[in-house]
Amino acid sequence: MPVIAPMPAARPARITNQRDGAEDAAAGTTVDHLTETYRAHYRSLLGLAALLLDDTASCEDVVQEAFIRVHSARKRVRDPEKTLAYLRQTVVNLSRSALRRRILGLKLLSKPMPDMASAEEGAYDQLERDSLIKAMKGLQRRQREVLVLRYFADMTEAQVAETLGISLGSVKAYGSRGIAALRVAMEAPA
């Protein structure tokens, strides 16, 4: 998490005004002052982020996050006149962080996965998948239903029987005959 800005040099503590009992501005930047700063300087901070980042959405996110962080730490900004400086520094720090994350992401993405299939393997897989689908279409309806539920939906034989409303023996028979028919269809020359 980026640091908003270093704490200003230690100053003497503010003295409570004895006449009306109010404390001087030792509480830090007020929400009203931060809101005014937001209205007055949002575009300039967006421009600052745009010089550091390359897309508008990221710039808007960074500026919004900067205001949120300074709002959360507003008590540390003891001099309200330095609120804008804190915001600028926060925008710069968050922009740097965003760029670091992008660079790291690009480094990780650019490395090819060691177990990725080659283009040839992908083409052979597609041809095999196409011939399997064609062979599945040539099966009887019940054989196809049993094989799809059993092997593609990963159901047990009992679940297939219950789903189709047939006996367990029928599921085994349709499955066995369907696999035999697929084997013949897949081995036949195209």
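Scanning the range 115-155 for residues that are open to solvent by less than 70 Å² (accessible area, probe 1.4 Å), in the same structural domain as R183 (by the TED database) and over 16 Å from A181 (Cβ atoms) turns up L149, A153, M155. Can you find a residue that is in the same structural domain as D54 (by the TED database), among the β-branched types (V, I, T) and at pLDDT 75 or above anywhere in the range 103-114? Yes - at least one qualifying residue is present in the range 103-114.
When residues of the range 48-66 are filtered for being part of a loop (DSSP other than H, G, I, E, B) and open to solvent by less than 70 Å² (accessible area, probe 1.4 Å), how many remain? First the steps, then the outcome.
Let us first name the residues in the range 48-66 that are part of a loop (DSSP other than H, G, I, E, B), namely 53-55.
Remaining after also requiring open to solvent by less than 70 Å² (accessible area, probe 1.4 Å): 53, 55.
Counting residues in the range 48-66 that are part of a loop (DSSP other than H, G, I, E, B) and open to solvent by less than 70 Å² (accessible area, probe 1.4 Å) gives 2.
Within the range 131-154, residues that are under 19 Å from A173 (Cβ atoms) reach partners that are assigned to a loop (DSSP other than H, G, I, E, B) with beta carbons closer than 7 Å, at six or more positions or on different chains, in the pairs L149/M155. Here L94 passes the criteria (1) in contact with an Asp or Glu (Cβ under 7 Å, 6 or more places away or on another chain); (2) more than 18 Å from R43 (Cβ to Cβ) except the one numbered (2). Suppose the filter is open to solvent by less than 60 Å² (accessible area, probe 1.4 Å), of a type in the set (A, V, I, L, M) and assigned by the TED database to the domain that holds T163; does V70 pass it? Here the answer is no, as V70 does not meet what is asked. Take Y42 and decide whether it is surrounded by fewer than 16 Cβ atoms within 10 Å (Cβ to Cβ), among the aromatic types (F, W, Y) and assigned by the TED database to the domain that holds R96. Taking the combined requirement at face value, the residue satisfies it.
The values are calculated or read from the model by the stated rules, or taken from the named source; none is laboratory data. Source: prediction; values computed, not measured. In this analysis, Cβ positions are derived from the backbone assuming ideal geometry, glycine residues included, and neighbour counts consider all displayed protein chains. Each accessible area value is taken on the protein alone, full model and side chains, heavy atoms only, with ligands, DNA and RNA left out. Shrake-Rupley method; radii C 1.70, N 1.55, O 1.52, S 1.80 Å.
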